[in-house]
């Protein structure tokens, strides 16, 4: 029962608590694939098109993990998750473009961009969360969907420029009233251009690890138990003194902040950033939800695997041309059946029992 | 001073007086029964006392503090814990974690300390585990500590609910049909446990029950509800002999 014994250095793996062991396997899996792909790309064994997938895959993994916190751990359906990514992406890019000449050290500027974006997305999460989290189930889903769209639309109509007098904000270029020396940073539907392309696979990997660390540790703590108790039985959670609103808002905020960081990773991988339905609209929100549901609600490792496979597949299947989406759909269906079909669930249970009894026999011998 | 004082408590749903003019005074350490035929409003009284429903009339005090209109979480923090007629466990959490959720407001560390595993996380978790195991021991559940709550047999689920409620360190424990679905042996064991818990954790217990053996066996005093109003009140053996009560239960 003593958690201090859970450090891998002190005890054999057999004495680890099941959750700790599960988390360590997830970390190991992520590190293994990072090293594998990093070596492949360093030795030139990875095609250019495939190399270009590495950062976006990290982005979708982070998005999937953060959405899983809301949908799988808290048990509330949110369909506007891409909206927070949008806020993070634009705030991060805005910051980087503004500071390009002021802060020349890349990693300092990028770290600050991550912090700015996380804070901005978290504030948006709180502002949206306060009214929205009074709702439940389908209603919550509909309203979050709307907020996601609103964020995207607002970004598309905003013009922000800077000149010697400071910032100018308007709804069109004409109203901006910039001095001749001024420069438009956010240009309405044309978005932000000239973001330094600072995102690398290494940064993506670090961000995935940080996300994993925050989310898994959160789940395995007093706060995490409170959150899961709300998911399992709201009335009982209230009856043992858990403040439902507080924890819902907390989860929403943490999840939004992480999504904001994913946005920075995304925007610093492109030279020009625009908000469209495909990258920040409901298409994206639904896509992330698909990763979460197929990976398993509340299952962080599942989210990582599903996000990787499902993001990379359409690109890897490009060679199949017209059959691409057909095969993609079949794979989706097969994943769904293998994950949730009663036959496969039973098969997995039987296998795990067998594995466990096998281990016990060995220990006895 | 009385521990719980309920004055003229009532609630109407539409035109229906689900509970009307309900009065109750519990002294510290009482083991009190609330009985009545189906639909008499017993669980509604519990829901009023735990803040699930807001009373339309009347009020109630715990240790002199008025709790009317407070939220369920606040009422729990003030010292009232309950179990449910239809069991409400955290099904996807382990038995141990269910009790640890109950300890949520007793042993604290911040979310930040939890995520970054600061020293207080380890010391508090250690204390929580020890305390939770102690409680599980009382209810004979320590062997099942790592089982998922939904995989427990029915009788143990009921016990776990009580353990979770006690973990919140209440002054007053409300048990809603704790013996429902138990066989006579389990009921007998439960009666002993309730006695033990009352004495050991210095609790006051208010229990709704249909099993007259259990009521006669553990409750010193009872109130009988019928159609939302009080039918009889007093010492258990006297009330159970009351012809009005027998009429309400068995008809004429």
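Measuring max minus min along each principal axis, the C-alpha atoms of chain B give extents of 64, 40, 34 Å (largest first).
Can you tell me the 0 to 90 degree angle between the C-alpha axis of helix B:154-167 and the longest principal axis of chain B, rounded to 10? Once rounded, the angle reads 80 degrees.
Given a Förster distance of 60 Å, report the FRET efficiency between residue A:174 and residue B:229 from their Cβ-Cβ distance, rounded to the nearest 0.05.
Efficiency at R0 = 60 Å is approximately 0.20.
Could you please state, rounded to a whole Å, how far the C-alpha centre of the range B:99-138 is from the C-alpha centre of the range A:178-196? Here the answer is 51 Å between Cα centres.
The residue A:43 and residue B:154 beta-carbon pair, evaluated with R₀ = 51 Å, returns a calculated FRET efficiency of approximately 0.25.
Among B:99, B:205, B:239, the residue with the largest mean-square fluctuation in a Gaussian network model of chain B, with springs joining Cα atoms closer than 10 Å, is B:239.
Rg and Dmax over the alpha-carbon atoms of the range A:225-325 stand at 17.8, 57 Å. Determine the percent antiparallel among the DSSP beta bridges restricted to the protein assembly as shown, to the nearest 5. Around 65 percent of the beta bridges assigned by DSSP in the protein assembly as shown are antiparallel ones. What percentage of all Cα-Cα pairs in the range A:15-364 are separated by more than 35 Å? Result: 27 percent of Cα pairs exceed 35 Å.
Taking label points 7 Å from Cα along the Cα-to-Cβ direction, residue A:357 and residue B:202 give a separation of 5.1 nm. For the range B:183-229, the extents of the C-alpha atoms along the principal axes are 34, 27, 13 Å, listed from largest to smallest. The distance separating the Cα centre of the range A:270-312 from that of the range A:29-79 comes to 10 Å.
Can you give the FRET efficiency for residue A:163 and residue B:110, using 1/(1 + (r/R0)^6), R0 = 51 Å, r = Cβ-Cβ distance, to the nearest 0.05?
My answer for the efficiency is 0.70.
Across chain B, the relative contact order, built from alpha-carbon pairs under 8 Å that are at least six residues apart, equals 27 percent.
When peptides A:205-212, B:119-126 are ranked by their average number of other Cβ atoms within 10 Å per residue, the highest-first order is A:205-212, B:119-126.
I'd like to know how the range B:89-168 sits against the 2.2 N^0.38 Å rule of thumb: what's its Cα Rg over that expected value?
Compactness ratio reported: 1.09.
Between the range B:50-80 and the range B:142-175, the alpha-carbon centres lie 23 Å apart.
Counting, for every residue in B:162-169, the Cβ atoms of other protein chains within 10 Å of its Cβ and taking the mean gives 2. How would the range B:100-217 be classified by its alpha-carbon gyration tensor: rounded, prolate or oblate, with rounded meaning a/c under 1.5 and the a/b versus b/c comparison settling the rest? Prolate shape, in that a/c is at least 1.5 and a/b is the bigger ratio.
Go ahead and set up a Gaussian network model of chain A, Cα springs under 10 Å, then flag whichever of A:226, A:237, A:89 fluctuates most. Highest fluctuation of the listed residues: A:237. For chain A, the longest principal axis of the Cα atoms and the long axis of helix A:282-295 meet at an angle of about 10 degrees.
Sequence-distant contacts, meaning Cα pairs under 8 Å at least 6 residues apart, place the relative contact order of chain A at 28 percent. Debye-formula intensities of the protein assembly as shown, expressed as log10 I(q)/I(0) at q = 0.06, 0.09, 0.12 Å⁻¹, are -0.42, -0.84, -1.20 (one equal scatterer per alpha-carbon, no solvent).
How many Cβ atoms of partner chains, on average, are near each residue of B:89-102 if near means within 10 Å of its Cβ?
Values: counts 4, 10, 3, 8, 7, 3, 0, 1, 6, 5, 1, 4, 12, 7.
Partner-chain Cβ atoms within 10 Å, mean over residues of B:89-102: 5.
Shown here are the Rg and Dmax of the Cα trace of the range B:6-109, at 15.4, 47 Å. Shielding of peptide B:66-79 by partners, expressed as the average count of other chain Cβ atoms within 10 Å per residue Cβ, is 3.
In terms of the mean number of neighbouring beta-carbon atoms within 10 Å, the peptides B:150-158, A:267-275, A:26-34 order highest first as A:267-275, B:150-158, A:26-34.
The long axis of helix A:137-157 is offset from the longest Cα principal axis of chain A by roughly 30 degrees.
With neighbours defined as other Cβ atoms within 10 Å of a residue's Cβ, the residues A:17, B:131 order from fewest to most as A:17, B:131.
Going by neighbour counts of Cβ atoms within 10 Å, the residues B:161, B:230 line up, fewest first, as B:230, B:161.
Any read-out appearing in this document is the output of simple, stated calculations on the displayed coordinates, not a laboratory observation. Because the structure is predicted, anything quoted here is derived from the model rather than measured. We place every Cβ from the backbone using ideal geometry, glycine too, and count neighbours over all the protein chains shown.
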